[in-house]
Amino acid sequence: MKYFLIIILFVNIAACGVQKTSYKTNTQQYQNEYVSSHEVIKGDDKKKIRFFPVNKSYCLMANFEPIKNADWFNVPTSSGKTKAYRKYGKLSFKLSNKALTLYVYQAQALIQKPEYWDHLFLPFGDATNGIETYETGRYIDLKITEIKDGKIELDFNKAYNPYCAYLDGIYNCPIPPKENRLAVAIKAGEKNFLKTQ
């Protein structure tokens, strides 16, 4: 599947830090850009793209631990095919006073493309999957250049659905590995797409 380029292009719009406008305003602008530029959902169907209310507590700084010389491994996709990824780093953070970890990956298919050389892929699942959010999980895009002094901004308000959440059987959407499945509910970012309305 194609990757959501707006995540990369507008990554600074809704930074956790101090901004000239409020975090909520910046994040809503970011989400509006996401909807207006969506490559799969068109026209009035864009109104069916929904988000949790913006919550700044889901925007945090995570500790980044690099993983060097990791082996490539096959990640299952929604179509039954696999895609090759390797671990790039481990993110450690606290959310609601709970210590959590997630891994970020590099895609073998993208690593040699100049426009994606610093792309990091964060697929994750959480306790909202299949209830308020897409059943398989959601994604966040990050960049190597965003890692500063062993930390990286992790903003779950930027979590988005794989294309398979909208159209079944067309895309090969990576399924988040078990190690990236959180037992907590992440009530931030994109919600289920309203297919029936």
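Can you pull the Rg over Rh of the stretch 99-151, Cα-only, Kirkwood? Intermediate values should be presented prior to the final figure.
Values: Rg = 13.5 Å, Rh = 12.8 Å.
Result for the stretch 99-151 is an Rg/Rh of 1.06.
With N denoting the number of residues in the chain, provide Rg(C-alpha) divided by 2.2 N^0.38 Å, to two decimal places.
In units of the 2.2 N^0.38 Å rule of thumb, it is 0.97.
What is the extension gain from residue 96 to residue 145, computed as 0.36 nm multiplied by their sequence separation minus the C-alpha to C-alpha distance, in nm to one decimal?
Details: separation 49, 0.36 × 49 = 17.64 nm, distance 2.75 nm.
Residue separation times 0.36 nm, minus the Cα-Cα distance, leaves 14.9 nm.
Using the Cα atoms of the stretch 68-136, I'd like the radius of gyration and the largest Cα-Cα distance, Dmax, both in angstrom.
14.2, 39
When DSSP assigns beta bridges and you keep just the ones with both residues in the chain, what percent turn out antiparallel, to the nearest 5? Display every interim value, and only then the final one.
On the way: 34 of 36 bridges.
Taking every DSSP beta bridge with both residues in the chain, the antiparallel ones total about 95 percent.
Please list, in order along the stretch 80-95, the HN-Hα scalar couplings obtained from phi with the Karplus expression 6.51 cos²θ - 1.76 cosθ + 1.60 (θ = phi - 60°), rounded to whole Hz, x for Gly and Pro.
x, 7, 10, 10, 8, 9, 9, 5, 9, x, 10, 9, 10, 7, 10, 9
Ignoring ligands, DNA and RNA, what percent of the 1.4 Å accessible area of the chain is carbon and sulfur? Display every interim value, and only then the final one.
Values: 5120 of 10110 Å².
Roughly 51 percent of what the probe reaches on the chain is carbon or sulfur.
Need the full-extension length gain, residue 24 to residue 55, defined as separation in residues times 0.36 nm minus the C-alpha distance. One decimal, nm. It would help to have the intermediate numbers written out before the result.
On the way: separation 31, 0.36 × 31 = 11.16 nm, distance 0.76 nm.
Extending this stretch completely gives an extra 10.4 nm.
In deg cm²/dmol and to the nearest 500, what is the mean residue ellipticity at 222 nm of the chain if only DSSP H runs of at least 4 residues count, each as -39500 (n - 2.57), divided by the residue total? Provide the component values of the computation, followed by the final result.
Numbers: 2 runs with 19 residues, N = 197.
So the calculated ellipticity at 222 nm is -3000 deg cm²/dmol.
The values are calculated or read from the model by the stated rules, or taken from the named source; none is laboratory data. The structure presented is a predicted model; accordingly, all values stated were derived computationally and were not measured. The area values use the complete protein model at the heavy-atom level, side chains included, leaving out ligands, DNA and RNA. Shrake-Rupley method; radii C 1.70, N 1.55, O 1.52, S 1.80 Å.
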